[in-house]
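*Asks:* Quick one: the structure is below, questions incoming.
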Amino acid sequence: MEPVTLHTARLELSPPAEADIDAIYDACQDPLIQRYTTVPSPYAREHAEGFIAKTRDWWESGSEATWAIQHEGELAGMVGLHRMSAGAGSAEIGYWMTPAFRRGGYLTEACRAVVDFGFSPDGLDLVRISWRAVAGNEGSARLARRIGFRFEGAQRQALVNGAGVRDDGWMAGLLRTDDREPQPWPVLADL
Ligand SMILES: CC(C)(COP(=O)(O)OP(=O)(O)OC[C@H]1O[C@@H](n2cnc3c(N)ncnc32)[C@H](O)[C@@H]1OP(=O)(O)O)[C@@H](O)C(=O)NCCC(=O)NCCS
């Protein structure tokens, strides 16, 4: 698959490149990224270098679509659609933001563009996008709910992070045919 760049009002979402290595390395020192994602922990510069090469292979094979979220030339975060297999029509969304760009609504904006591209017949033509997070990761859950994901349940001890820590997981999903209005989630208090 040819790598695709997406644009939103404030952001450019582009395939990760060598120029992003330092910023990815810095971001992945963040304790919350290490706690709640599967990035290697501890995170070395060679992990960032290897990640760029892997994302290139993933784009080529069509197994994953990964974007560096750029704001005015600065790396703000990473978002991807993972676990795509030919003809399956489904993928799983994953993301992190650098501490400096959190709580600004940037990721909401980026994820809406990624979901639109995922479901578009001119994009990935998906039917379903899944979401999973460590149970209790409220920021990630609120983001998923904000863009329309429906809570689908919990899985016991289903997730393992890059340091080998095992956690219960929350699951959610969004179908192409769903409206994107936020729905109540039993694990989130308000709404
Ligand atoms: C979770 C994370 C991706 C959220 O990014 P963000 O830039 O804050 O997202 P946004 O600004 O677009 O906010 C999205 C929603 O989450 C809420 N939110 C974000 N962080 C929150 C937190 N720590 N606690 C409660 N709510 C939070 C925002 O208020 C907003 O909710 P609303 O739309 O209902 O008002 C970011 O904190 C992060 O990178 N965390 C570490 C890595 C991680 O957890 N990745 C996800 C793995 S599943």
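The values are calculated or read from the model by the stated rules, or taken from the named source; none is laboratory data. Just so we're clear, the structure is a prediction, and the values are computed from it rather than from any experiment. Using ideal geometry, Cβ is built from the backbone for each residue, glycine included, and neighbour counts are taken over all protein chains shown.
*Asks:* So which residues in segment 91-128 are on the phi > 0 side of the Ramachandran plot and touching a residue at least 40 places away in the same chain (Cβ under 8 Å)?
*Replies:* Step one: of segment 91-128, the residues on the phi > 0 side of the Ramachandran plot are 103, 105, 125.
Residues satisfying the conditions do not exist here.
*Asks:* If you take the residues in segment 108-138 that are hydroxyl-bearing (S, T, Y) and more than 10 Å from the ligand (Cβ to nearest atom), which one is nearest to F149 (Cα to Cα)?
*Replies:* Applying the first criterion (hydroxyl-bearing (S, T, Y)) to segment 108-138 yields 108, 120, 130.
Then drop every residue that is not more than 10 Å from the ligand (Cβ to nearest atom), which leaves 120, 130.
Values: S120: 17, S130: 8 Å.
Only one residue tops the list, namely S130.
*Asks:* Turning to a different aspect of this structure: Can you name every residue in segment 11-57 that is of a type in the set (G, A, S) and not in a helix (DSSP H, G or I)? Reasoning before the result, please.
*Replies:* Taking segment 11-57 as the starting set, the residues that turn out to be of a type in the set (G, A, S) are 14, 17, 19, 23, 27, 41, 44, 48, 50, 53.
Selection gives S14, A17, S41, A44.
*Asks:* What number of residues in segment 55-84 are away from the ligand (no atom under 16 Å from the Cβ) and closer than 13 Å to D20 by Cβ?
*Replies:* 3
*Asks:* Kindly evaluate Y43 against the criterion of being at pLDDT 95 or above, under 18 Å from the mean Cα position of the chain (by Cα) and of a type in the set (F, W, Y). Quick ask: steps written out before the conclusion?
*Replies:* Details: at pLDDT 95 or above: yes; under 18 Å from the mean Cα position of the chain (by Cα): no; of a type in the set (F, W, Y): yes.
No; evaluated as a whole, the condition is false for this residue.
*Asks:* I need the full set of residues from segment 139-160 which are within 11 Å of the ligand (Cβ to nearest atom) and among the acidic types (D, E), in order please. It would help to see each step written out before you state the result.
*Replies:* Of all residues in segment 139-160, those within 11 Å of the ligand (Cβ to nearest atom) come to 139-147, 159.
Result: no residue meets the conditions.
*Asks:* Sticking with this structure for a sec: With the condition being closer than 22 Å to C28 by Cα and over 14 Å from the mean Cα position of the chain (by Cα), I'd like the strands (runs of 3 or more DSSP E) fully within segment 81-191 carrying at least 3 qualifying residues. Explain how you work it out, then say what you get.
*Replies:* Working: elements: 90-97, 128-134, 150-160, 166-175.
So the answer is 166-175.
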